[in-house]
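Worksheet: one structure, shown below.
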Amino acid sequence: MYRTSGILLTLIAITVVTLAKNSYSQTCPGSPGCIDPTFGIGGTVVTSPPAALVTNNVARDMVIQADGKIVVLVGAKDLDNTFSGVLVRFTADGSIDAAFGNGGFAYLAWGTPNYCLPQKLAIQMVSGEQYFVVVGAGGCGVAPGVRVERFTQWGLRDSSFGNGGVTTINAVWNPQDYSIAIQSDQKILLAGGANPMVRLKANGTADTSFGPNGISKTNSGIRIKELQVLSNGKFVAGGYASNGANNDFAAVRFNSNGSLDKTFGSRGKTLVDFGGGNDIVLGIAVDASGKMLLAGHAAYPNSTPAGAGFDAAMIRLKSDGKIDTTFGTGGRVLRLNNDESTDYFSSVSVQSNGKIVLAGQRSLPIDPNNSEILTARYKSNGTLDTTFQLNGWNTTDIYGSTDSVAKGRLRIDPSCSCEKFVIAGHTLTEPYTGLYMNPRYLFGIRFML
């Protein structure tokens with residue numbers, strides 16, 4: 001249920017003051033990077049699925065419909081493990097959409113006896129309507145396996161998909177390393193870390209043209225964290241790969257049949273090392289010219305804390321997979337001047353004007369369990385956009401404890417015909433004391449651009 005208006009209004013007042021302080025002479029609301037007060041209550045919505053244990057809410061992914069409605073995938077369960085996830089839909093203005101599922105919440109019965117963890121969410125067009133495809137891994141009925149399920153625009157399982165609304169794949173996937181993308185023909189691409197990719201037909205059955213049982217025989221050579229379908233039917237994956245000593249930023253491009261596109265990078269793959277540490281791609285975006293932006297985190301020399309710290313990072317590749325040296329400094333953005341914090345970008349989007357907006361997290365070594373929402377904007381040339389909170393980046397704290405970002409996406413606000421940036425995640429309402437011991441709530445927040 002929603003937090004009480006009194007508490008939330010106090011929270012928003014504190015947040016806006018913090019943003020105004022961080023933006024120096026800028027005036028909030030209204031300036032780029034400020035919380036949009038027309039969304040939710042003062043710019044933020046906080047909720048919890050009514051049937052779920054409040055200590056188990058973990059935001060996993062988010063999509064935005066063509067009409068501006070926001071659907072968030074939440075990992076959540078009840079005492080009996082009858083479900084392990086929930087789809088939550090908000091209206092475009094940040095209210096719970098009671099017409100969706102059960103009062104705005106569609107529960108995924110992925111629990112006992114074969115517990116399965118829903119992780120990723122995508123929109124698929126079905127007969128002119130937007131449906132929701134969820135993928136997860138775990139027991140999933142085939143122990144171990146991958147489960148794919150489709151829901152209608154009203155939050156009901158679509159029985160015409162797969163076998164009664166569900167497709168299960170006998171494969172071992174790391175629950176933390178996989179992604180989903182929908183092709184223009186509505187076929188479903190699935191990737192799971194270093195495992196072979198899988199493609200399903202639009203109806204949820206295996207696409208045997210991609211490989212036996214829809215499973216590709218192509219070895220990408222990287223651990224995939226994110227997939228992006230390109231306008232020419234090819235698709236690019238980002239993640240990380242070992243250079244023998246540590247992990248590098250990695251990207252690989254596939255032809256539409258799933259084979260490696262050896263015209264990309266070096267025989268289909270591009271690796272980028274930032275400073276001899278472990279570097280990981282978490283988000284991908286493609287700009288209007290076909291160049292690819294890869295965002296995540298990198299371990300630079302002398303990162304703090306020593307041996308464990310990492311910094312938000314982004315590179316741009318040309319369409320042939322070579323690093324674009326005209327972007328930032330030698331193809332990379334400079335480290336944020338973020339004190340001794342550990343930070344990363346998990347989502348990257350490109351505005352219609354070419355500016356690049358990112359979302360992620362920031363935490364300090366003195367209190368690593370207290371993380372904040374990190375937002376940043378860069379010009380198309382890879383330099384920080386100082387019209388965005390004056391220095392080009394900002395942090396937002398909700399309850400003064402842990403704020404975790406699942407996804408950030410752009411949307412057009414029809415009231416102003418302008419772009420805004422929506423972030424979904426989960427927040428703890430009190431200091432962190434241990435895994436699944438603290439109340440945690442789903443949040444949505446919208447920023448001006």
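Data table
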| quantity | calculated |
| --- | --- |
| Nonlocal amide H pairs with SER346, under 5 Å, H built at 1.01 Å | ALA359, GLY360, GLN361 |
| Relative exposure of TYR240, TYR131, judged by other C-beta atoms within 10 Å (fewest first) | TYR131, TYR240 |
| Label-point separation, SER289 to SER184 (7 Å along Cα→Cβ), nm | 2.2 |
| Per-residue Cβ neighbour rank within 10 angstrom, fewest leading, SER160, SER415, SER341, SER347 | SER415, SER160, SER341, SER347 |
| Chain lengthening between LYS217 and ASN381 when straightened (0.36 nm per residue, less Cα-Cα) | 55.2 nm |
| Spin-label pair GLU430/ASP93, simplified geometry with 7 Å Cα→Cβ offset, distance in nm | 3.5 |
| Sorted by Cβ neighbour density within 10 Å, fewest at the top, the residues ASP273, ASP80 | ASP80, ASP273 |
| Theoretical gain in end-to-end length, ASP67 to ILE123 [0.36 nm per residue, Cα-Cα removed] | 18.9 nm |
| FRET efficiency estimate (nearest 0.05) - Cβ-Cβ, ILE412 to ASN257, R0 60 angstrom | 0.95 |
| Length added when fully stretched, ASP273-ASN102, from 0.36 nm per residue minus Cα-Cα | 56.8 nm |
| Neighbourhood net charge (12 Å Cβ-Cβ; Lys/Arg +1, Asp/Glu -1) for PHE447 | +2 |
| Cα lying deepest toward the dipole's positive end in the stretch 218-396, options VAL357, LEU336, ASN219, charges on Cβ | ASN219 |
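Taken together, the values in this text are just the output of simple stated rules run on the coordinates, not laboratory data. Bear in mind that the values here come from a model prediction, so they are computed numbers and not experimental data. Cβ sites come from the backbone with ideal geometry, for glycine too, and all protein chains shown count toward neighbours.
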